[in-house]
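All remarks here apply to the structure that follows.
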Amino acid sequence: MNVYDELKERGFIAQATHENEIRDLFEKEKVTFYIGFDPTADSLHVGHFMGMMAMAHLQKAGHRPICLIGGGTGTIGDPSGKTDMRKMMTDEIIEHNCSCFKKQMERFIDFSEDKALMVNNAEWLRKLNYIDLLRDVGAHFSVNRMLTAECYKQRLERGLTFLEFNYMIMQAYDFMELGDRYGCKLEMGGDDQWSNIIAGVELIRRKQAKAAFGLTFTLLTTSEGKKMGKTEKGALWLDPEKTSPYDFYQYWRNVADSDVEKCLGLLTFLPMEEVRRLGALQDQAINEAKKVLAYEVTKLVHGEAEAEKAQQAAEALFSGQGNLENVPTLEIRSEDFGAKLIDVLTREGVFSSKGEGRRLVQQNGLSLNDERISDADRILTESDLGEDGALVKKGKKKYYRLVRA
RNA sequence: GGGUAGGUGCCCGAGUGGUUAAAGGGAACGGACUGUAAAUCCGUCAGCUUAGCUUACGAUGGUUCGAAUCCAUCCCUGCCCA
């Protein structure tokens, strides 16, 4: 089966500039393609992960991915889909974020023996000369047309700076540069990148009269159209320091029934027959599919050992089997005995404030060793911890194990 | 540079001297119901030493017994004009 159809079947593809030609291209030659990632944070998140999956599928099929890190474009900020201008980042931060991205990407893509490349567009964008750029590239862009681009719509209502307006041009330039340097013929990205991608495709076709193609991915949204990958703490990060493997696992364990099949297709390598079988499960049975999803995704991102631990912790907490060792654990100091439980938990970050803790107690949302706490001034005693520590439950499904430090 | 409309809690957005920790909506959180799902219903949603106090309506200063609300200066944003 052609990789293009494979990606399509798995649910990746949203739009393509030239569907049939892209399919032929994959058939005929080893294609060099790229996805750009702007270093806006010090870790990748699930949205990026989906792009990595698409890259991995294509790499398996023998094509060559380029991960383009936006060290140059990151200084501008993509206005697509944003309502406000991004905060400008300092060069040091961008630098740091780039290196974080790089480390994480190496998990998913094989960069050995030139099988994939990682490049930073700061390399060429920084050197650009304004006048030359205007003459060589600027002449090929129609402002009238750019203004009609979907990605600027929102910003035209609220204000768009010239700086950000140029983002599209930089991205188009990247594509052309990658074509010249590495023979890159295809740019991919999230569907919000469509305008930017066709800008590049058109630039290359016009200026160089060369074939260039673009492809966008479905955005990872819930069946209700909300962006996926949001947790109460913000994004769902791939960095285990920012989102623990346990929380990561739980996120996928808890997706809505209607989203399971889509997630399995996009975020795991399970064969599609299996994906469809799991996705078709009904009622209680679909929990099986969610377990598979959570395990597989966690395995890809954090490795098998961490996935195993997260799964065991979940089993222990929710089915009462397996050991509690891998449950998120807080260390209690001896001087904490005699202090208020709420104070200790607040200090450990379980609550963002004592008020939140008190509220939770008032609303029957906190328990210690399966016993509801009804007194906000409840004192933590040594006997609460017993031999194996204590188990705190916050809300319906957040657990913390307390052990002696 | 000139004119004009604005800057309110996580977000949107009402409020135009005291009854305003600030309507309404969204997000989020807790409870009930469940399948660690969705939908629904109820509740919560600044902090603290919690029936009391402190901090909050772009920033700073002022008027007043009392200001998010009035005045001054400054910063920022949209729109129109140059």
A:L264: passes all of (1) within 13 Å of RNA strand B (Cβ to nearest atom); (2) at pLDDT 90 or above but (1)
Inspect all residues belonging to the range A:56-76 and state whether any of them is over 26 Å from A:F165 (Cβ atoms), touching a strand residue (DSSP E or B) at 6+ places or on another chain (Cβ under 9 Å) and basic (K, R).
yes
Quick check on the range A:287-299: of everything there that is within 14 Å of RNA strand B (Cβ to nearest atom) and more than 18 Å from A:G11 (Cβ to Cβ), which residue is most open to solvent (accessible area, probe 1.4 Å)?
A:E288
Under the condition of being modelled with pLDDT of 95 or more and part of a loop (DSSP other than H, G, I, E, B), which residue from the range A:30-60 is least open to solvent (accessible area, probe 1.4 Å)?
A:V31
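Conditions tested, residue by residue: (1) modelled with pLDDT of 90 or more; (2) open to solvent by 80 Å² or more (accessible area, probe 1.4 Å).
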| position | (1), (2) |
| --- | --- |
| A:K87 | no, yes |
| A:E92 | no, yes |
| A:Q104 | yes, no |
| A:R107 | yes, yes |
| A:E113 | yes, yes |
| A:N120 | yes, no |
| A:L128 | yes, no |
| A:V137 | yes, no |
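Looking only at the range A:202-213, decide whether some residue is of a type in the set (V, I, T) and open to solvent by 10 Å² or more (accessible area, probe 1.4 Å).
Of the range A:202-213, the ones of a type in the set (V, I, T) are A:204.
Now drop any that are not open to solvent by 10 Å² or more (accessible area, probe 1.4 Å), which leaves none.
No, every residue in the range A:202-213 fails to be of a type in the set (V, I, T) and open to solvent by 10 Å² or more (accessible area, probe 1.4 Å).
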Is the range A:249-266 home to any residue that is aromatic (F, W, Y) and open to solvent by 60 Å² or more (accessible area, probe 1.4 Å)?
no
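So, of the residues in the range A:377-405 that are within 16 Å of RNA strand B (Cβ to nearest atom) and out of contact with any Leu (no Cβ under 9 Å at 6 or more places or on another chain), which turns out to be farthest from A:Y249 (Cα to Cα)? Walk me through it before giving the result.
Step one: of the range A:377-405, the residues within 16 Å of RNA strand B (Cβ to nearest atom) are A:377-380, A:391-401.
Keeping just the survivors that are out of contact with any Leu (no Cβ under 9 Å at 6 or more places or on another chain) gives A:396, A:398.
Numbers: A:K396: 16, A:K398: 13 Å.
Among those that are within 16 Å of RNA strand B (Cβ to nearest atom) and out of contact with any Leu (no Cβ under 9 Å at 6 or more places or on another chain), it is A:K396.
A:R155: at pLDDT below 90 and crowded, with 18+ Cβ neighbours inside 10 Å, yes or no?
Numbers: at pLDDT below 90: yes; crowded, with 18+ Cβ neighbours inside 10 Å: yes.
In short, yes.
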Provide a single number: the residues in the range A:162-184 that are under 22 Å from A:L7 (Cβ atoms) and surrounded by fewer than 23 Cβ atoms within 10 Å (Cβ to Cβ).
3
Go through A:G386, A:G357 for me and flag whichever is closer than 27 Å to A:E325 by Cβ and loosely packed, with under 11 Cβ neighbours inside 10 Å.
A:G386
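Looking at the range A:324-372, which of its residues are charged (D, E, K, R) and within 12 Å of RNA strand B (Cβ to nearest atom)? Quick ask: steps written out before the conclusion?
At the first step, the residues of the range A:324-372 found to be charged (D, E, K, R) are A:325, A:331, A:333, A:335-336, A:340, A:343, A:347-348, A:354, A:356, A:358-359, A:370-372.
Within the range A:324-372, A:K340, A:D343, A:R347, A:K354, A:E356, A:R358, A:R359, A:R372 qualify.
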Enumeration of residues in the range A:303-323 that are more than 13 Å from RNA strand B (Cβ to nearest atom) and modelled with pLDDT of 90 or more
A:G303, A:E304, A:A305, A:E306, A:E308
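I'd like to verify a number: residues in the range A:253-262 that are part of a helix (DSSP H, G or I) and free of Cβ contacts under 8 Å to residues at least 40 places away in the same chain, how many? Full working, then the answer.
Taking the range A:253-262 and keeping what is part of a helix (DSSP H, G or I), we get A:253, A:257-262.
Among the residues that remain, those that are also free of Cβ contacts under 8 Å to residues at least 40 places away in the same chain are: A:257-261.
Final tally of qualifying residues: 5.
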With criteria (1) polar (S, T, N, Q); (2) over 18 Å from the mean Cα position of the chain (by Cα); (3) open to solvent by less than 60 Å² (accessible area, probe 1.4 Å), A:N20 comes up short on (3)
Counted residues in the range A:275-323 being in contact with a Phe, Trp or Tyr (Cβ under 8 Å, 6 or more places away or on another chain) and free of Cβ contacts under 8 Å to residues at least 40 places away in the same chain come to 2
Restricting to the range A:269-286, count the residues that are assigned to a helix (DSSP H, G or I) and either over 28 Å from A:L7 (Cβ atoms) or within 19 Å of the chain's Cα centre (by Cα) (or both).
3
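The values are calculated or read from the model by the stated rules, or taken from the named source; none is laboratory data. Here the structure is a predicted model, which is why all the values come from computation and not from measurement. Note that we place each Cβ from the backbone using ideal geometry, even for glycine, and neighbour counts take in every protein chain shown. In case anyone asks, the SASA skips ligands and DNA or RNA and just uses the protein heavy atoms, side chains included. Shrake-Rupley method; radii C 1.70, N 1.55, O 1.52, S 1.80 Å.
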